[in-house]
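> Provided herewith is a single structure, encoded as structure tokens, for subsequent inquiry.
The values are calculated or read from the model by the stated rules, or taken from the named source; none is laboratory data. Note that the structure is predicted; figures quoted are calculated from it, not measured. Counting neighbours? That spans all protein chains shown, and the Cβs are built from the backbone with ideal geometry, glycine included. Ligands, DNA and RNA are excluded from the accessible area calculation, which covers all protein heavy atoms including side chains. Shrake-Rupley method; radii C 1.70, N 1.55, O 1.52, S 1.80 Å.
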Amino acid sequence: MRRWLFFTEGGGKERIVHTSAVVGDEVALWRSGPDSGIVAIGTIVGLQPVIDELAALGRRLQEPGGDPDERPVGLRAAARYDRTYLSNPLTGPVLRRLGLGEVWRRGRSGPGVTFKPPFPGPLRLDDDQWNTLITALAADHPDGGNPRFWVVEPGTILSRSDVRDAFGAGLRSVETSSSRLACDLLFVNDRHEDPLLLPRWCEDVLLVPGQERRGSVIDSDGTTLVADHVYRGRPLHLFQAREQLCRYVGEFLVDQARPIEEWIDAGRRRVRPPRRSFLARVTEAEGRPAELQDFRVPVLRLRQLSGLAAFAGQDDPFDGPVRSHGLRTYLATDLGVTARDAHGVGTTVQGLVRLLQQQPDVAAVIEDSINELQALAALTENARRRSDLDALRKVVADPDSKEADLQKALERMTWVFGGQFLSTTGRRNLTATDQLDLALIRPDRSLHGVELKLANISPLIKPDHESRGYDQYVVSAKVSDAAGQAKNYLKELDRERDIIWSKFGIDTKSAGMTVVIGSAAFAEPKVRPHIAETLRTYNEFLSSRIRVITYDQLVDDAERASALADVGDDEH
């Protein structure tokens, strides 16, 4: 029996692996990011061949009358995880201490290129090492080097605004991903007007409503953000919600075999297209009413892992005190960091800066501590960047976020686009007709523009019905429109480059554009593994001056760069 390492990137339960995989092989699931580690153990339950359609087409052209050899170059493996440790991952330091460096190295390097051969092979672990891994997962390991854990006690009543501020969760969302901790949050209204959407127990399964989605109940496809939380490696924490308050119930697990019980018709209503979009301008110009669309609500199947009894006809669960102080302070206190500690450190640093400004000779006295001061500066910058990323994740995860919200979050985060930019220009209207969302300046004074679109768009990619290839996808019209808008920006910048140089000292001759659009969290699970490959292919045939990425890729690249820096510091 072989053992495989699957990664949470991409969502969904399928991963492409080497052709040596067989049904029944064991799988360990690695969650990437600041809370990285092994979070689940399962088995491969299904395999489908992956055919290299281009190679097969070449063979058919070379031998028109022959029987082309269409041997699979890989296998698309579906896994089911029967042992989950989403709130207690087995982190890198613990793996190395247990002699499982092979797992840690594979996890740290990431999934790599997963859309073309050679596909990843199995882990080189014997039976004893695999049993050590499973035993360590089942044990408590608070010293694993991961301080970011859940500290809210079941039964705690909080305001929704406190939960939003502490965890970066959407204020009005039913399902949301925390931008501060690696977890998903589900808010269940216990007084819903539709009796079909009231939470209820069916033996040991809790049936609760999820996030409302567009589409008719007769659609065969459809899922929700939290339905695949296991495959994304994120624990699911459930709150009982009522108006502006919520009560923490406990941790739950979505039924992997059948995540959705049914879809409930939520009626029809008119929906206006996003502002500034081409469709919005056409609709307004023609005086057409907003489009009438169907809506539906999923009923999720949950199994409780921990917490207290709820939704079983008990006394009023909100008949108790509401936590009076901010949840952020509560979290900081439980983690052993107080506001007084932070204030004391800040005062000391400010005093040292003033002393060096007034008495430069003091620098010679602290020369032996220069490495520690440099480390402090690096840690401070890293903490600021993590805070920036947390804020960005929060905005991206909120399905109601507008383009203005995304722009506000990214305006002071030019570093997420790479280290080659000095700052923004402070101007967005460099030309008379166009306005850039972000205008970044390189050290050579050349310009790089950023066009920001909504994170919550659907579809981001769509099946290519004209191709007979296996799982072929193309970008949607919304992506094409955004790339076309970027092309028009570059044309206008080229036309007025002399004027821009003379007025602002900015070189637009070699200007480039980055288009950031969409998020896998709002895409159908079956297409999520194909988003990165589809955009990569699209970028290859696009202008070399334009790059289209998702908000997931933007955050993941920045997060991976920070993680590599942390590893480098740790190894030194």
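> Which order do Ile41, Ile16 take by accessible area at a 1.4 Å probe, largest first?
Ile16, Ile41
> Assuming R0 = 30 Å, can you tell me the calculated FRET efficiency for the pair Asn131 and Arg71, based on Cβ-Cβ distance, to the nearest 0.05? Intermediate values should be presented prior to the final figure.
Details: r = 35 Å, r/R0 = 1.17.
After rounding to 0.05, the efficiency reads 0.30.
> While we're on this one: Taking 30 Å as R0, compute the FRET efficiency from the Cβ-Cβ separation of Arg560 and Phe318 and round it to 0.05.
Taking R0 as 30 Å, the efficiency between Arg560 and Phe318 is 0.10.
> Skipping prolines and chain starts, which residues have an amide H placed within reach, meaning under 5 Å, of the one on Glu261, given they are 5 or more residues away or on another chain?
For Glu261, the qualifying residues are Val299, Leu300, Arg301.
> Compute the distance in nm between two label points, each set 7 Å from the Cα along the Cα-to-Cβ direction, one at Glu203 and one at Thr43.
Each label point is offset 7 Å from its Cα along the Cβ direction, giving 2.0 nm.
> To the nearest 0.05, how large is the calculated FRET efficiency for Glu540 and Ala139 if R₀ is 51 Å and r is the Cβ-Cβ distance?
Numbers: r = 47 Å, r/R0 = 0.92.
That pair, Glu540 with Ala139, gives E of 0.60.
> Which of the residue pairs Lys453/Lys503; Lys402/Lys478; Lys408/Lys503; Lys394/Lys453; Lys408/Lys453 have a Cα-Cα distance greater than 19 Å in the structure shown?
In this structure, Lys453/Lys503; Lys408/Lys503 exceed 19 Å between Cα atoms.
> Over the heavy atoms of Glu102, what accessible area does a 1.4 Å probe trace out, to the nearest 10 Å²?
Accessible area of Glu102: about 30 Å².
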